[in-house]
Amino acid sequence: MKKNESGNCHKGHRENVRRRFLTGGLEVFASHEILELLLFYSIPQKDTNPLAHRLIDKYGNLFNVLSAPVEELQSVDGVGERTAILLSLVFQISRWIRLEAMKEAGVNFLSTQAAGEYCRELFCGKKAEEVWELCLNQRGNLIGQHSMTNGSIVSVSMDLRTLIANAILSHAESILLAHNHPGGDANPSEEDCAATRYIREALSKVNIPLQDHIIVGENEVVSMREAGFLD
């Protein structure tokens with residue numbers, strides 16, 4: 001096939017894929033076809049179907065592809081920085097939209113179930129351990145959200161000054177801590193318990209109670225208060 005004929009072929013195929021999406025939505029697409037369509041917007045004038053298959057083969061499903069770290073995606077043959085950023089951006093925008101919808105709906109963090117659902121979404125797809133400080137008003141609504149560290153809760157206990165400053169500046173009536181155990185058990189470790197008690201005691205000195213500490217594991221969410229670790 002001549003070069004211009006090949007180009008016309010790809011152009012026609014891309015147009016057909018776009019039309020399928022416009023008329024039927026993603027429900028009519030297989031996972032690799034969704035990726036193929038997405039890759040049109042970072043890889044011009046090239047057949048993206050083989051790359052879409054490589055990504056699905058490597059990661060197993062679309063969720064794992066889109067939630068993979070940018071640096072890791074770039075290790076796949078055919079994935080440059082622009083493509084890796086696009087794939088990651090789609091996942092992160094989707095998570096951001098869901099979190100914003102929950103905030104706008106006025107999720108009440110005094111409810112363990114509601115707090116757990118929000119925290120599960122907050123850590124969705126995260127591959128590294130993170131700790132967040134959620135500042136609440138008297139009604140239990142979120143009024144401030146601060147990333148404390150890309151590390152363990154123990155690191156946060158060493159940075160109490162920042163945690164307390166966040167709470168005071170947000171005019172928080174209470175604080176909820178949230179952190180994840182990526183790919184692991186959500187039950188708190190001894191270090192988690194010790195650090196949480198230390199943080200609770202420090203907050204009490206400025207009359208701000210620790211409402212709860214939510215831990216998100218691979219398949220479950222644990223409320224340290226509900227489980228009796230904050231008694």
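Just so you know, all these numbers are worked out from the coordinates, no wet-lab data involved. Model, not experiment: these values are computed from the prediction. Using ideal geometry, Cβ is built from the backbone for each residue, glycine included, and neighbour counts are taken over all protein chains shown.
So, in nm, how far is label Lys127 from label Tyr198 when the simple model puts each one 7 Å beyond its Cα toward the Cβ?
Calculated label separation equals 3.0 nm.
Could you point to the residue in Ala30, Phe109, Gln138 farthest towards the positive end of the chain's charge dipole, with +1 and -1 charges on the Cβ of Lys/Arg and Asp/Glu respectively?
The residue sitting farthest along the positive end of the dipole is Ala30.
What does the C-alpha gyration tensor say about the overall shape of region 57-193? Classify as rounded when a/c is under 1.5, otherwise prolate if a/b is larger than b/c, or oblate.
In terms of gyration-tensor shape, prolate.
What percent do you get for the relative contact order of region 109-223 when only Cα pairs under 8 Å and 6+ apart count?
So the answer I get is 30 percent.
Pull out the extension gain between Gln138 and Ser155, defined as 0.36 nm times the separation in residues minus the alpha carbon to alpha carbon distance; nm, one decimal.
3.4 nm
Would you indicate which of [x] 64, 32, 26; [y] 62, 36, 26; [z] 76, 33, 29 is the value of Cα extents along the principal axes in Å derived from the coordinates of this structure?
Structure-derived value, by its label: [z].
Share of antiparallel DSSP beta bridges in region 106-231, in percent to the nearest 5?
If we restrict to bridges inside region 106-231, about 70 percent are antiparallel.
Using only helices, what value at 222 nm comes out for the chain when you add -39,500 (n - 2.57) per DSSP H run of length 4 or more and divide by the total residues, to the nearest 500 deg cm²/dmol?
After summing the helix terms and dividing by residue count, I get -15500 deg cm²/dmol.
Please give me the summed charge of the neighbours of Glu129: other residues whose Cβ is under 14 Å from its Cβ, Lys and Arg +1, Asp and Glu -1.
Around Glu129, the charge tally is -3.
Which of the residue pairs Lys46/Lys127; Lys46/Lys126; Lys11/Lys58 have a Cα-Cα distance greater than 29 Å in the structure shown?
Lys46/Lys127; Lys46/Lys126
How much net charge surrounds Ala167 when only the other residues with a Cβ under 10 Å from the Cβ of Ala167 are counted, with Lys and Arg +1 and Asp and Glu -1?
-2
Per the Cauchy relation, a quarter of the hull surface: what is the mean projected area of the convex hull of the alpha carbons in region 1-125, in nm²?
9.5 nm²
With Cβ to Cβ distances under 15 Å as the rule, what net charge do the other residues near Leu176 carry (K, R +1; D, E -1)?
Surrounding charge for Leu176 is -3.
In percent, what relative contact order does the chain have, based on Cα pairs under 8 Å that are 6 or more apart in sequence?
Once normalised by length, the contact order is 13 percent.
Find the eigenvalues of the gyration tensor of the Cα atoms of region 104-171, then list the square roots of 5 times those eigenvalues as equivalent ellipsoid semi-axes, largest first, in whole angstrom.
Equivalent ellipsoid semi-axes, largest first: 20, 18, 9 Å.
Run the dipole for the chain about the Cα centre, Lys and Arg Cβ at +1, Asp and Glu Cβ at -1, nothing else charged, and hand back the magnitude in debye, nearest 20.
So the magnitude is around 1040 debye.
If you restrict to DSSP beta bridges whose two residues both lie in the chain, what percentage is antiparallel, to the nearest 5?
In the chain, approximately 70 percent of DSSP beta bridges are antiparallel ones.
With a 10 Å Cβ neighbour count serving as the proxy for reagent exposure, in which order, fewest first, do Ile143, Ile199 appear?
So the ranking, lowest neighbour count to highest, is Ile143, Ile199.
Dipole of the chain (Lys/Arg Cβ +1, Asp/Glu Cβ -1, origin at the Cα centre): which of Asn207, Ala165, Ser147 lies farthest to the positive side?
Ser147
Could you tell me the calculated FRET efficiency between Ser189 and Lys58, based on Cβ-Cβ distance and R0 = 35 angstrom, to the nearest 0.05?
0.65
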